[in-house]
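Below: one structure, written as structure tokens.
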Amino acid sequence: MKKKETSAFYSLYGTIIGSIVIALIVFGINAGFTTLFCFVLLPILIVYLSFKFLPQLWAFIILSSMIIFGVHSFIGMWRFTITCTVFFALIIMVDYIIKNKKIVGKVNMAIMILFYITILILINLDSIDRWLNTPELTEGNMQEAAEIIEGRDDVLSASTGIDEDHFDEEAYIYIVLDVADKLTRDQKITAGEDSAEILDMVMHEENDMDPGDLYHYYDVEIRIGMSDVLIGRKEIDSEEIKWQPPLE
């Protein structure tokens with residue numbers, strides 16, 4: 001005799017289904033129903049029909065392909081896309097070639113562990129690179145850069161250095177410029193950006209680095225002026241220096 005489901009069972013599944021429906025509605029409102037259909041509803045329908053009418057192997061290939069496409073669309077990094085492709089290819093090959101289910105389970109577990117380890121390494125790849133390869137900025141490098149910067153007509157004095165204990169954050173490079181009062185905001189920004197490029201050039205020439213590599217390993221803060229100070233910052237993961245907004 002079939003066991004009758006309790007009201008708690010229906011309440012649980014009703015809550016789950018209701019939450020999914022609400023999430024889809026919110027996604028459709030925010031992203032547009034065309035996006036909802038193309039990136040959520042249509043893939044779900046394709047996967048459902050694949051497992052219903054196609055052999056399991058082909059259905060799983062279609063599901064894997066759609067997951068890989070989704071990962072590449074949302075993350076846009078080939079190292080993750082390739083890792084996911086290799087992972088699903090191995091899972092499919094193991095399931096198709098090995099007939100012993102116990103062995104399949106053990107091999108799949110090993111593949112999954114290797115996959116998660118690889119993902120963790122890829123996520124922290126930049127941190128590992130910085131830990132191993134961060135170039136050392138010497139006093140000589142910073143003094144040479146400061147002397148070149150001070151050779152500009154619009155710079156009265158310059159100093160560069162490394163703040164290694166700034167509110168318990170990572171070490172960052174600072175560049176301080178004293179400039180003529182008559183300089184406009186745009187001229188100050190140009191002087192600051194040129195100064196950052198000069199320090200990078202000095203490191204590039206002495207350490208066999210590619211141009212711009214210095215700021216892949218160090219944050220930088222630029223302070224321009226002594227009274228009306230203009231501050232610009234560039235973090236490691238940023239592509240450009242962000243300057244404080246002008247005063248209203």
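The values are calculated or read from the model by the stated rules, or taken from the named source; none is laboratory data. Because the structure is predicted, anything quoted here is derived from the model rather than measured. All Cβ positions, glycine included, derive from the backbone under ideal geometry; neighbour counts span all protein chains shown. When the accessible area is computed, the model is the full protein with side chains, heavy atoms only, and any ligands, DNA or RNA have been set aside. Shrake-Rupley method; radii C 1.70, N 1.55, O 1.52, S 1.80 Å.
Annotations for the structure displayed:
- Extended-chain gain in nm, criterion 0.36 nm per residue less alpha-carbon gap, ASP154 and ASP186: 10.3 nm
- Projected area averaged over orientations for the chain, convex hull of C-alpha atoms, nm²: 23.7 nm²
- Averaging the sequence gap over all C-alpha pairs within less than 8 Å and six or more residues apart, then dividing by the number of residues, gives region 59-200 a relative contact order of 14 percent.
- Selected from ALA59, ALA196, ALA23 as most flexible by GNM, with the chain as the system and alpha-carbon contacts under 10 Å: ALA23
- Each 10 Å bin from zero holds the following percent of Cα-Cα pairs in region 13-152: 9, 22, 26, 19, 9, 8, 5, 1.
- Counting only Cβ charges, +1 for Lys and Arg and -1 for Asp and Glu, the dipole size of the chain around its Cα centre is about 3780 debye.
- Note on MET112 and GLU235: the extension gain reaches 40.9 nm, defined as 0.36 nm multiplied by sequence separation minus the Cα-Cα distance.
- Three-way shape call for region 102-164 based on the alpha-carbon gyration tensor, with the a/c threshold at 1.5: prolate
- Order of exposure, largest accessible area first, which applies to ARG233, ARG185 with probe 1.4 Å: ARG233, ARG185
- Cα shape, region 19-89, gyration tensor, a/c 1.5 rule: oblate
- Taking all protein chains together, ILE123, ILE198 sort by accessible area into ILE123, ILE198, largest first [probe 1.4 Å].
- Long hydrophobic helices in the chain: the complete DSSP H runs spanning 15 Å or more by Cα along their own axis with mean Kyte-Doolittle hydropathy of at least 1.0 are 7-31, 42-53, 56-75, 78-97, 101-123.
- Largest-first ordering by accessible area, 1.4 Å probe, given options ILE222, ILE62: ILE62, ILE222
- Rolling a 1.4 Å probe across all protein chains gives TYR48 an accessible area of roughly 130 Å².
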